[in-house]
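Visitor: What follows is a structure written as structure tokens; I'll ask about it next.
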Amino acid sequence: ARTGGRSRRAGLFLTWFMTGSIAETFDRISSQHRSRIAVYGLSEEVTRTFAELRDDVSALQGALRALHLPSPPTIISNVGNRTGFIPLFLASAGLGSSFLPLDGGASAREVLDMADVSGADLVVVMGRAHEATIRRVVDAGREYGVSVMGDNLAADDRVANARWMEKL
């Protein structure tokens, strides 16, 4: 199937997996175990409790809704293998999105080529990525007409990181 001149085929293989059952299971478990550790990010030396993870998921879902993307959106994640992947995955599942994770080392061009092929509505780039990488993803997003959102959950100063990315 093609939508808006872009193929939707690549994003559909995960749609069956992104049903309410993941979100419902997460909601149930996180409400029962709020103070327990949900995520150990050994390489990042980060832990997140279920309550913190739930807050992160809620914040991301709010940010995704604020973008007024088609419902449900197709989202490509370039956050790589780090703890920021988990809240983004759960937020996407809660919205019923098609979610395509990519290697965090993918170039801006590779990310936007995948966005074009999959018909993605949004590309999420890691806020801690190199400044040049973020700028290239934003520029390529403009060229392809794809929205870009920064994941600043792992940023040292989330507010400053968000303000800087917003200016791009």
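The values are calculated or read from the model by the stated rules, or taken from the named source; none is laboratory data. Computed from a prediction, not measured in an experiment: that's the story for all the values here. Don't worry about glycine lacking a Cβ; one is built from the backbone with ideal geometry, like all the others, and counts go over all protein chains shown. These accessible areas exclude ligands, DNA and RNA; they are computed on the full protein's heavy atoms, side chains included. Shrake-Rupley method; radii C 1.70, N 1.55, O 1.52, S 1.80 Å.
Visitor: So what is the 222 nm mean residue ellipticity for the chain from helices alone, if each DSSP H run of at least 4 adds -39500 (n - 2.57) and you divide by all residues, rounding to the nearest 500 deg cm²/dmol?
Guide: Numbers: 7 runs with 80 residues, N = 168.
-14500 deg cm²/dmol, from helical runs alone.
Visitor: For the chain, give the share of DSSP beta bridges that are antiparallel, in percent and rounded to the nearest 5; count only bridges with both residues there.
Guide: Numbers: 6 of 19 bridges.
Of all bridge pairs located within the chain, approximately 30 percent are antiparallel.
Visitor: Follow-up. Could you calculate the contour length gain from residue 49 to residue 21, that is, 0.36 nm times the residue separation minus the distance between their Cα atoms, to one decimal place in nm?
Guide: Values: separation 28, 0.36 × 28 = 10.08 nm, distance 2.09 nm.
Result: 8.0 nm gained on full extension.
Visitor: Taking K and R as +1 and D and E as -1, what net charge do the other residues with C-beta under 13 Å from the C-beta of residue 154 add up to? Please report the intermediate quantities before stating the final value.
Guide: On the way: positive: 48, 82, 128, 158; negative: 44, 45, 52, 56, 151, 156, 157.
Net of charged neighbours comes to -3.
Visitor: Moving to a separate point now. What does the accessible area of residue 149 come to, in Å² to the nearest 10, when a probe of 1.4 Å is used?
Guide: 20 Å²
Visitor: Turning to a different aspect of this structure: Net charge within 13 Å of residue 71 by Cβ-Cβ distance, Lys/Arg positive one each and Asp/Glu negative one each, not counting residue 71 itself? Don't skip to the end; give the middle numbers.
Guide: Values: positive: 65; negative: 121.
Surrounding charge for residue 71 is 0.
Visitor: Further question on the same structure: Suppose all protein chains stay in the model; what accessible area per residue would a 1.4 Å probe give for the chain, in Å²?
Guide: Numbers: 8980 Å² over 168 residues.
On a per-residue basis, 53 Å².
Visitor: Where in the chain is the longest stretch that carries no GluC sites (Glu not before Pro) classed as loop by DSSP and with at most 13 other Cβ atoms within 10 Å? Please list the in-between numbers first.
Guide: Details: sites that count: 44, 45.
That would be 46-168.
Visitor: Once you list every other residue whose beta carbon is under 14 Å from the beta carbon of residue 46, what net charge do they have if Lys and Arg are +1 and Asp and Glu are -1? All intermediate terms of the calculation are to be shown ahead of the outcome.
Guide: Values: positive: 48, 82, 128, 158; negative: 44, 45, 52, 56, 151, 156.
Around residue 46, the charge tally is -2.
Visitor: Then there is this: Report residue 109's accessible area, 1.4 Å probe, all protein chains in place, as a number in Å² to the nearest 10.
Guide: Result for residue 109: roughly 110 Å² accessible.
Visitor: Once both labels are modelled 7 Å past Cα along the beta-carbon direction, what's the residue 110-residue 144 spacing in nm?
Guide: In this crude spin-label approximation the distance works out to 1.3 nm.
Visitor: Related question: Considering only protein heavy atoms and a probe of 1.4 Å, how much of the accessible area of the chain is carbon and sulfur, as a whole percent? Working shown, then result.
Guide: Working: 4690 of 8980 Å².
Of all accessible area on the chain, carbon and sulfur atoms account for 52 percent.
Visitor: Kindly sort 36, 135, 48 by accessible area of their heavy atoms, largest first, with the probe set to 1.4 Å.
Guide: Putting 36, 135, 48 in descending order of accessible area: 36, 135, 48.
Visitor: At residue 166 and residue 117, where each label point lies 7 Å from the Cα along Cα→Cβ, what is the point-to-point distance in nanometres?
Guide: The modelled label-to-label distance comes out at 3.5 nm.
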